[in-house]
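> The structure under discussion is supplied below as structure tokens; questions concerning it will follow.
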Amino acid sequence: MLQSDSVSQHIDKKRLVKASAITLPDTLGHVAGTLIPYYLFEYYLQASHVLSWVLLVLATFFLRMITYALLKRGVFNPTTQQWEYILTGLSIISASAWGSLVFFIPENTVYSLTIACIFFACIGGALGAVGNHFPVFTAFAIPISLLLTIHFLMHGGILFISMALVTISYTIACVYISYRFTKTSRKESILNEQNKQLVKQLSHEKEQAEKANAEKSRFLAAANHDLRQPLQAMNLFIEALYQDLETSHHQVLLMKLRESMHSMNELLSSLLDMSKLDAGLIHVHKDGFFILPLLEKVYSQFKQQVSRGVELYLPKVVYTTQGHTASLAMSDVIVRSDPVLLESIVRNLLSNALKYTKQGQVSMQCVQREEGNYILTIKDTGIGIASEEQERVFDAFYQVGNTSRDRNKGIGLGLSIVKHTCQLLQHKLTMHSEINRGTCFEIYLPMANKVTLVSSTTSVIPTFNMDILIVDDDQAILDGMQAMISRWGCTVFTANSQVQASITLKEHASIRLLLVDYRLQDGCTGIHVIKEARKILKQPRLPGIIITGDTSPNILQTIESEGFHTLHKPIKPAQLRTLMRHLLE
């Protein structure tokens, strides 16, 4: 591809242009190379007519300068072959001018040896300057060495014949070096051109990949937002309806509907988690804590999801790397990590294990390493993963054995989230799996010397006696939010735009909290609404919660940079109550 005739000619032309350039060292070399011999011959050896030779050499140099200037200014644009002919011709003229020195000095042994030194220096200098252009170099080296050889042979005698042979040998050696140098240089130029083309191609492909990734993120963000809007309204109405139902039969049906809503919400939450990881919005808060309460919490939540024939096992003992029971009890194990992120990792791995295990056991075990650290293992006896697929299972949206895209098996983000979260926590993650024998994931956890995080729980649902403003351009969501929050002892005002929100705020200065959708009509955002509300009520610290279905990393970063709290649709009532209580306290 890159070694076609046109590309080769392009490379050759670039090399010839570079070789024909007149540089400062080149100019100084010509001036010094002529004035030094002139000084030696004219003043020390009393040779006449040397000044004529100096003028002749400088004239050829000026001819070369004029030619290069015309080429550089674009007076004419020769082809590569024509350019090579021009340089070769100039080299022959220059060599003839330098070699003509033999005609300007008398026959004398000292003169002849001095000329030999000068000519050898000229050939050596040309080898360094244009040695990587074989035709140009030989056009200079051969004429000048030929004139010197004839000069020696005309003198006769053993000394001059020997010098003639030395001249021929020296010239042949220089020509051979130039030949090898030219081949290597040209090959290097072609490789450089190939590298430039490859870098350019890779840059283009990288830009295309980044563009495709950005388009994917925009699509997922838009799809996520559009799906979460109706889910948010449905979730709110279900919560409000559940509180009004009296018969257990109706409540059971509603619980089934709530479970379906929860499954769909989990799928969308996986997309949100990936967006947060991509945006760098997951912040790590490491503490020392007992690991058993965390595992028991996850165990109790997944216990009801275990299929018949599968045992979910959580031993209360710690094992050694050899498989023996350690002297340390599970209740005494203290690790240093982020408990929220570690729980997310365990949930994803345990959920994955239960989905692909139809018979046998799924266990969570803790192994004590010799250096005092721990390995948390999630092990199953499920279908296993083939060796050729074990790297790909950590890729986003990739699933083993789910070509039909069964919704009950998720969307293929769980292990990708686990991998990225472990990297964020700096916890080593390994996997061992065999087909039809199961899979074992190992998370390496550092030991903590003491507990720095004490967990606390509360089962009291708070009641708020306050005025709240909800702003959303979706009327169904406004109705659902009003129906739910009004049952928490709140007086709820609603608005579907920033203009209506401003009017409501001016009429009801008692509003203490704003719940605002991020994306509103006419390009307005929840950030603008909260800032404007603070100005109207003259409360620079007025609490505000932004509710959004967007998962775009840029939007999430924008909200966080403004310092606002965010809830993602469909919101969980308990989550909203907790955040409201936190802000009001």
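The values are calculated or read from the model by the stated rules, or taken from the named source; none is laboratory data. Nothing here was measured: the structure is a model prediction, and the numbers come from that model. Please note: Cβ atoms are built from the backbone with ideal geometry, for glycine as well, and neighbour counts cover all protein chains shown.
> Cβ contacts < 6 Å: first residue on the phi > 0 side of the Ramachandran plot, restricted to the stretch 473-496; second residue part of a loop (DSSP other than H, G, I, E, B), any location; separation 6+ or different chain. Result?
Close Cβ pairs satisfying both conditions: GLY489/THR463; GLY489/PHE464; GLY489/ASN465.
> Test of understanding: among ARG218, ARG228, ARG180, ARG186, which residue is in contact with a strand residue (DSSP E or B) (Cβ under 8 Å, 6 or more places away or on another chain), among the basic types (Lys, Arg) and either modelled with pLDDT of 65 or more or surrounded by 11 or more Cβ atoms within 10 Å (Cβ to Cβ) (or both)?
ARG228
> Run down GLY544, GLY563, GLY526 and say which single residue is in the same structural domain as LEU513 (by TED's automatic domain parsing) and within 29 Å of the chain's Cα centre (by Cα).
Step by step, each of GLY544, GLY563, GLY526 is checked, and only GLY563 is in the same structural domain as LEU513 (by TED's automatic domain parsing) and within 29 Å of the chain's Cα centre (by Cα).
> Regarding ALA574, is this residue more than 24 Å from GLU507 (Cα to Cα), over 28 Å from the mean Cα position of the chain (by Cα), in a helix (DSSP H, G or I) and of a type in the set (Gly, Ala, Ser)?
Answer is yes for this residue.
> Residues PRO25, PRO37: which one is under 19 Å from ALA126 (Cα atoms), part of a helix (DSSP H, G or I) and at pLDDT below 65?
Unique residue meeting the criteria: PRO25.
> So, one more: For the stretch 286-335, how many residues are part of a helix (DSSP H, G or I), within 20 Å of CYS440 (Cβ to Cβ) and among the hydroxyl-bearing types (Ser, Thr, Tyr)?
1
> Take the conditions buried (at least 17 other Cβ atoms within 10 Å of the Cβ), modelled with pLDDT under 90 and touching a helix residue (DSSP H, G or I) at 6+ places or on another chain (Cβ under 6 Å) and apply them to GLY410. Does it pass?
Spelling it out, it is not the case that GLY410 is buried (at least 17 other Cβ atoms within 10 Å of the Cβ), modelled with pLDDT under 90 and touching a helix residue (DSSP H, G or I) at 6+ places or on another chain (Cβ under 6 Å).
> Moving on to the next point. Taking ILE93 as the residue in question, decide whether it is assigned by TED's automatic domain parsing to the domain that holds VAL54, of a type in the set (A, V, I, L, M, F, W, C), surrounded by 14 or more Cβ atoms within 10 Å (Cβ to Cβ) and assigned to a helix (DSSP H, G or I).
For ILE93, the condition - assigned by TED's automatic domain parsing to the domain that holds VAL54, of a type in the set (A, V, I, L, M, F, W, C), surrounded by 14 or more Cβ atoms within 10 Å (Cβ to Cβ) and assigned to a helix (DSSP H, G or I) - is met.
Per-residue answers, yes or no, for (1) surrounded by fewer than 19 Cβ atoms within 10 Å (Cβ to Cβ); (2) modelled with pLDDT under 85:
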residue: ILE115; (1), (2): no, yes
residue: PHE120; (1), (2): yes, no
residue: VAL130; (1), (2): no, yes
residue: HIS133; (1), (2): no, yes
residue: PHE140; (1), (2): no, no
residue: LEU148; (1), (2): no, no
residue: GLY156; (1), (2): yes, yes
residue: MET163; (1), (2): no, no
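> Considering each residue of the stretch 276-299, count those that are modelled with pLDDT under 85 and over 25 Å from LEU556 (Cβ atoms), and give that number.
Of the residues in that region, 0 qualify.
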